[in-house]
Each structure stands twice: as structure tokens, then as C-alpha cells.
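The values are calculated or read from the model by the stated rules, or taken from the named source; none is laboratory data. The shown structure was predicted, so the numbers you read here are calculated from the model rather than taken from an experiment. Here the Cβ is made from the backbone with ideal geometry for all residues, glycine too, and neighbour counts use every protein chain on show.
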Amino acid sequence: MEDYAAWYLGNPFGRAWWSEEGRYFFEDDFVNHVDQQLEGKARDSYDYWLGVRTRLFGSGNKDNPVAEYSCPPSKYSPNKSDTMPKDQFEEFATKYTAAWCSQNASSVASFFEVNDSLTINNGEPSIGRKAITEAVQGFMTAFPDLIVQMDGLDFDGQQIIYLWTLSGINSGPGGTGNAVRISGFEKWTMSSVGLIGESSGSYDAAEYERQLREGIGRGTE
């Protein structure tokens, strides 16, 4: 643990990568340890984070500010296939599910590429982490006790289908006070660094609206 922590603390692009993305890919004890060491330190520039991406893609040069460093191995580091092995998607999806249950919308957005998108029921796409955070926050505000359960993962060519069930009581501002339980899916196209590049989600909007008005009916419990 100390060797890894020293790497993240020891150079600016490591600290920038940790802040932007890396902290979401490790176990809690390691995350807490590094965060404690970084507490009170200035955040490093976003340019260094872009430099990390360049270094990982192998397109850096001697003038790149990150060229003198080497990234430590990570279970989510990109490989030549530009994706994670299948047996690691489940862990990624489990952490994504936990983020949905956290009442921290930005933690959900962190699983997406910086400028990529989330689309729900063929609606207007939320493009970029800020917009994705706002879209997720809408659900978290409506359901302060929001629970998302992962029902499974399917693989469809180059896409991953994440199956989920959302449940909670619509007790947020202007809510009906009714319980909702609805299932759906997201179809992910993954980026070359193992984040969600594009997500297209779907659920039964008519049933969702009915449950908001009337609560969970027979056959949905």
C-alpha cells in the first residue's frame, strides 16, 4: 500500500489522476489512506490529468510533462484491447451501483468519461460529467432513500448491458410519498481507459409514473 500511495503523492500528474478518476477504482482502505495524505494539499492542474491520458495512450513525447514518470499497475489500466477484461466488469458495475446508492451524484458521474453521455428513455442526452451529475441528482433528490440493485450484466458485442432495479419512497420536495420499484437497463459503450463512454438507459416510464401516483401495485412487489 505504501509504495502505491507514495507514487500518487510523489508527482503532480499522479495526484491529478487520483483526484479526477483513480480514487474510484480502489478499495476503501487504500482510498482513505491516500486521501488522508493529500488532505490540505493544493489540487494539481487539469493539464496534468490530460497528460496522464496521453501517457497511458502511448502518444507522449519527450516534451510531455508526464513523460519522465511511469504509471503504477492498476487493475483498470487500459490494455491493447482498449477495455477491461470481462471478469473485472462485475466489480466496476458493483462500485457503480454503490455510487447510485450513495446520495452523491458526482460519484456516479465519475464512472463516465469527462465529455461523454447518459441518455434515458431516448430523451435528451446528458453530455459531460456536470450534466450527468444533474440528471442523477434528480433521482437522488426525488428519492432520499434511493436504492439501486444490480440485477446482472450481459454482453452484446462491444457493449455491456447493466441490468438494475431502483426502489425508494418519493419523499423529496414535491413528492407523492409513494413507494416506487422499477427495473430497467443501461447499455454501455466503454472507453479505452475503462470508463463508460456512452450509456443509453431504458425503463417503463408509464409504469414509473403510475407508481409515483399510486404506489407499488400488485405484481411489482
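Figure legend. Inter-residue proximity from the range 24-35: first residues crowded, with 17+ Cβ neighbours inside 10 Å, second residues at pLDDT 70 or above, beta-carbon distance below 6 Å, spacing 6+ or different chains. Indicated pairs: 24/110.
For the range 169-179, the criterion of being of a type in the set (S, T, N, Q) and at pLDDT below 95 is met by no residue.
Step by step: first the residues of the range 129-148, then only those that are surrounded by 17 or more Cβ atoms within 10 Å (Cβ to Cβ) and in contact with a strand residue (DSSP E or B) (Cβ under 7 Å, 6 or more places away or on another chain), then the one that is farthest from residue 100 (Cα to Cα). Which residue is that? Selected residue: 129.
Report whether or not residue 183 is closer than 21 Å to residue 94 by Cβ, touching a residue at least 24 places away in the same chain (Cβ under 8 Å) and in contact with an Asp or Glu (Cβ under 6 Å, 6 or more places away or on another chain). No: the conditions fail for residue 183. Pairing residues of the range 186-201 that are at pLDDT below 85 with residues that are among the basic types (Lys, Arg), at Cβ distances under 9 Å and at least 6 apart in sequence or on separate chains, gives 193/53.
Among all positions in the range 201-221, there is no residue which is among the small types (Gly, Ala, Ser), buried (at least 16 other Cβ atoms within 10 Å of the Cβ) and out of contact with any Gly (no Cβ under 9 Å at 6 or more places or on another chain).
It is to be established whether one or more residues within the range 150-158 are on the phi > 0 side of the Ramachandran plot and touching a strand residue (DSSP E or B) at 6+ places or on another chain (Cβ under 7 Å). Yes: the range 150-158 contains one or more residues that are on the phi > 0 side of the Ramachandran plot and touching a strand residue (DSSP E or B) at 6+ places or on another chain (Cβ under 7 Å).
Can you tell me which residues in the range 163-199 are touching a helix residue (DSSP H, G or I) at 6+ places or on another chain (Cβ under 7 Å), within 19 Å of residue 137 (Cα to Cα) and among the aliphatic types (A, V, I, L, M)? 180, 182, listed by residue number.
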